1. Does the range 52-59 contain at least one residue that is outside the structural domain of residue 122 (by TED's automatic domain parsing) and crowded, with 17+ Cβ neighbours inside 10 Å?
2. Could you check the range 99-111 and list, in sequence order, the residues that are assigned to a strand (DSSP E or B) and at pLDDT below 90?
3. Being crowded, with 16+ Cβ neighbours inside 10 Å and under 26 Å from residue 78 (Cα atoms) is the filter; apply it to the range 25-46 and report the residue that is modelled with the lowest pLDDT.
4. Could you grab me the full set of residues in the range 58-98 that are touching a strand residue (DSSP E or B) at 6+ places or on another chain (Cβ under 6 Å), modelled with pLDDT of 85 or more and charged (D, E, K, R)?
Amino acid sequence: MKGQKRLLEMLSMAKGLNEDPGSTIQVIRDPSEPPPVDGIVPPSEAISINIEELLEQGKTELNIPIYAGDVINVLQAGSVFVVGEALIPGQNILGNGRNVTVTQAVALAGGFAPDARSDESLIIRVHLDGSREEIAVGDPNKILRGDEPDVVMLANDILWIPPNKAKPVLRRALNATLAVVSGILVLRGGN
């Protein structure tokens with residue numbers, strides 16, 4: 001890198017962001033690096049830049065100068081998983097790091113299958129220490145009418161939609177998804 005560059009220039013030189021960026025770009029400054037030629041000493045810190053504010057809202061003050069030794073880290077987007085009696089169960093990527101509600105996750109999964117016990121759905125949240133938390137989501141029909149609040153899902157949450165009758169294959173799918181999420185948490189150091 002020669003001459004003064006700004007964050008957007010550096011992102012452009014890296015051919016932009018990948019398809020699934022998270023909501024944050026971190027610029028990490030190394031205090032042991034010598035000051036740039038212009039004599040301005042960059043502060044030693046990690047600076048968090050909101051991608052939506054920088055790129056979509058055009059906040060030019062977030063297009064900060066980048067100095068030699070800076071590390072630019074674009075955090076990856078998380079995912080939520082819908083398992084069980086959905087028409088299109090699977091993983092949904094949280095674009096720009098935005099969380100989704102249960103009703104949005106169900107919509108992304110094509111809605112409930114005919115055999116769904118939708119009023120018994122659960123969010124399963126796996127924590128970094130391996131513990132699991134089960135969160136009841138309520139009755140989707142009451143949520144849609146506004147009688148109950150919609151529950152926000154976080155990255156790596158699993159929405160389990162149980163069937164009306166026991167289906168061992170769905171329980172195996174849930175267990176496999178739990179294993180995948182646990183692996184993601186270990187690799188990313190999340191939740």
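The values are calculated or read from the model by the stated rules, or taken from the named source; none is laboratory data. Worth saying up front: this structure is predicted, and the values here are computed from it rather than measured. Methodologically, a virtual Cβ is constructed for each residue, glycine included, from the backbone with ideal geometry; neighbour enumeration extends over all protein chains shown.
1. Going through the range 52-59, the residues outside the structural domain of residue 122 (by TED's automatic domain parsing) turn out to be 52-59.
Narrowing further to those that are crowded, with 17+ Cβ neighbours inside 10 Å: 54-55.
Taking every residue of the range 52-59 in turn, at least one turns out to be outside the structural domain of residue 122 (by TED's automatic domain parsing) and crowded, with 17+ Cβ neighbours inside 10 Å.
2. The first filter runs over the range 99-111 and keeps only residues assigned to a strand (DSSP E or B), leaving 100-101.
Once the filter is applied, which keeps residues that are assigned to a strand (DSSP E or B) and at pLDDT below 90, the range 99-111 yields only 100.
3. 29
4. Residue satisfying the conditions is 85 alone.
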